[in-house]
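The values are calculated or read from the model by the stated rules, or taken from the named source; none is laboratory data. A quick note: this is a predicted structure, and the numbers were derived from the prediction, not measured. Cβ atoms come from the backbone with ideal geometry, glycine included; neighbour counts cover every protein chain shown. Side chains included, ligands, DNA and RNA excluded: accessible areas come from the protein's heavy atoms. Shrake-Rupley method; radii C 1.70, N 1.55, O 1.52, S 1.80 Å.
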Amino acid sequence: MSLSVDVYVPLAEGGIEVLDVPPGSSDAAGRERWRTEVWGSEPVRSLGARFLPRLATEDLTVAPDEVADFIAECDLVRTHLARIAEHMRAAPETGPRQSPSQHADDVSRRLDNIVDAARRASDVGGGVIIW
């Protein structure tokens, strides 16, 4: 299974409406095991990240008023891709044996998708869900 990132808008009567992923965008947010082995890993937690590590124990819902902070967290994680990639290289259960640069590219592509969704959410006054 894989993690997906989607944009949602809160409904006036309660609940949410998950929006369709637009053409040219991707909802891929990583492999299911990335919940703990990447997003909830020690390298990410040690950055003071407060959103992505929650994936280790639950689906992540980012409220509309938190989207700007979430984008900032994704940008922070991106600046530490080398450290995250080294962690992935040292932990063979994170996926196929790859070089650190290949792991960094994988995480970077998923971050691109997550940030793209967060920007789309910001544009419509919505939030982000990763599940």
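How would you order 68-80, 111-123 from highest to lowest mean count of nearby Cβ atoms within 10 Å? Can you show the working numbers first?
On the way: 68-80: 16.2, 111-123: 19.7.
Result, highest mean Cβ count within 10 Å first: 111-123, 68-80.
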Inset, instruction - May I ask you to give the solvent-accessible area per residue for the chain, in square angstrom, as obtained with a 1.4 angstrom probe? - result: 49
Inset, instruction - Consider all pairwise Cα distances in the stretch 37-115 and report the whole-number % of them above 21 Å. - result: 23
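Considering only protein heavy atoms and a probe of 1.4 Å, how much of the accessible area of the chain is carbon and sulfur, as a whole percent?
Working: 3260 of 6480 Å².
Result for the chain: 50 percent of the exposed heavy-atom area is carbon or sulfur.
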